[in-house]
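The values are calculated or read from the model by the stated rules, or taken from the named source; none is laboratory data. Since the structure is predicted, the reported quantities are computational estimates derived from the model, not experimental observations. Backbone-built Cβ (ideal geometry, glycine too); neighbour counts: all protein chains shown.
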Amino acid sequence: MYVPAVSELLDKRLVIVTGKGGVGKSTVALALGLAAAAEGRRTIVCEVSSQEHTSHVFHRARVGFHEVEMADNLWAMFRSRIFSYLTAATPGLRELVTIGKMWEVAQPDRKVKKGRKYDLVIVDAPATGAGVGFLQTPRTFANIARVGPIKAQAEALEAFIVNHRKTGAAIVALPEEMPVNETVALERQLTEEVDVAVDRVYMNALYPERFSKPDVERLESACGKTNGPLRAAYRAALSESRRAAAQREQLARLAELVRAPVRTLPFVFVPQLGVEEIRELAKGMH
Ligand SMILES: Nc1ncnc2c1ncn2[C@@H]1O[C@H](COP(=O)(O)OP(=O)(O)O)[C@@H](O)[C@H]1O
Ligand SMILES: [Mg+2]
């Protein structure tokens with residue numbers, strides 16, 4: 001199978017970051033954006049999944065989408081609350097219009113007034129709890145609409161999503177049994193049902209392996225001989241080491257069960273990930 005290097009992944013025009021809620025999609029989308037921007041690509045990260053981080057933007061409350069410059073070569077795009085309200089009435093319309101907007105932003109010759117041109121659009125996709133429906137919306141509309149502009153537009157969007165040279169997907173996973181199973185199923189759905197190229201799987205938040213096997217043996221025997229706070233510390237160390245080992249097993253399972261290359265991202269031990277931490281993660285995106 002053809003596997004693009006990360007710089008080639010970022011050569012695509014549209015990269016969709018997907019996975020279950022809470023796995024780190026927004027973090028990975030931003031890290032990919034920072035990696036691309038650092039390579040000189042004009043990049044925009046589009047958050048279509050939720051609006052929890054973006055309330056400050058809504059104070060401007062205009063209809064439509066807002067493009068905001070975040071750093072050198074890096075923009076972010078948010079959807080306004082009014083937009084959600086307007087499209088709530090027709091099932092699927094919100095998704096169709098959102099994908100249409102991503103597509104428009106990704107056009108090298110976009111015709112919007114004052115429209116910025118981007119080399120790369122990264123989509124922080126909705127959580128996949130409801131399957132891959134979001135990406136299938138264009139096909140659904142193309143099939144329903146027999147003729148006319150909606151059909152033509154939906155077909156153009158569909159053709160863009162399944163174009164493996166222009167559009168790619170990255171799945172974010174966590175090193176636990178169920179999330180690994182879900183990732184395997186998601187890759188299959190994306191590949192077989194949507195026909196989008198899955199170029200990467202990011203195993204996120206992997207604990208470091210701090211202890212060697214002899215270390216663990218020493219800890220175990222020390223644990224049996226000690227009491228009090230020291231014993232609690234040994235047990236905590238053993239518990240973390242077991243967790244790291246269990247994660248490695250899930251990593252091995254994932255690598256065996258998915259087709260796309262798997263890359264790991266470390267768990268970052270800070271109370272709240274900030275741009276600096278995500279910049280560090282971005283260096284390991286390959
Ligand atoms: N590698 C990591 N190390 C530590 N915390 C992380 C890591 N990746 C994500 N997080 C944290 O986990 C939470 C969920 O991540 P987020 O990217 O918002 O997930 P999603 O967009 O999939 O819901 C956030 O608080 C984020 O800061
Ligand atoms: Mg998110």
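Considering every residue within the range 232-249, establish whether at least one is among the aliphatic types (A, V, I, L, M) and touching a Pro at 6+ places or on another chain (Cβ under 7 Å).
Looking through the range 232-249, at least one residue is among the aliphatic types (A, V, I, L, M) and touching a Pro at 6+ places or on another chain (Cβ under 7 Å).
Let's see how each residue does on (1) part of a loop (DSSP other than H, G, I, E, B); (2) touching a residue at least 24 places away in the same chain (Cβ under 8 Å); (3) hydrophobic (A, V, I, L, M, F, W, C):
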site: 216; (1), (2), (3): no, yes, yes
site: 222; (1), (2), (3): no, no, yes
site: 227; (1), (2), (3): yes, no, no
site: 230; (1), (2), (3): no, no, yes
Given the criteria at pLDDT below 90 and not hydroxyl-bearing (Ser, Thr, Tyr), does residue 168 qualify?
no
Can you pull out every residue in the range 1-50 that is at pLDDT below 90, within 12 Å of ligand 1 (Cβ to nearest atom), surrounded by 15 or more Cβ atoms within 10 Å (Cβ to Cβ) and part of a loop (DSSP other than H, G, I, E, B)?
48, 49
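From the residues in the range 195-214 that are part of a loop (DSSP other than H, G, I, E, B) and among the aromatic types (Phe, Trp, Tyr), which one is farthest from ligand 2 (Cβ to nearest atom)? Talk me through it step by step, then tell me what you get.
As a first pass, look at the range 195-214 and keep what is part of a loop (DSSP other than H, G, I, E, B): 195-196, 207-212.
From what's left, among the aromatic types (Phe, Trp, Tyr): 207, 211.
Values: 207: 22, 211: 33 Å.
Result: 211.
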Can you pull out every residue in the range 233-286 that is in contact with a helix residue (DSSP H, G or I) (Cβ under 6 Å, 6 or more places away or on another chain), within 16 Å of ligand 2 (Cβ to nearest atom) and part of a helix (DSSP H, G or I)?
278, 281
Within the range 120-158, restricting attention to residues that are in a loop (DSSP other than H, G, I, E, B) and within 26 Å of the chain's Cα centre (by Cα), which residue is surrounded by the fewest Cβ atoms within 10 Å (Cβ to Cβ)?
131
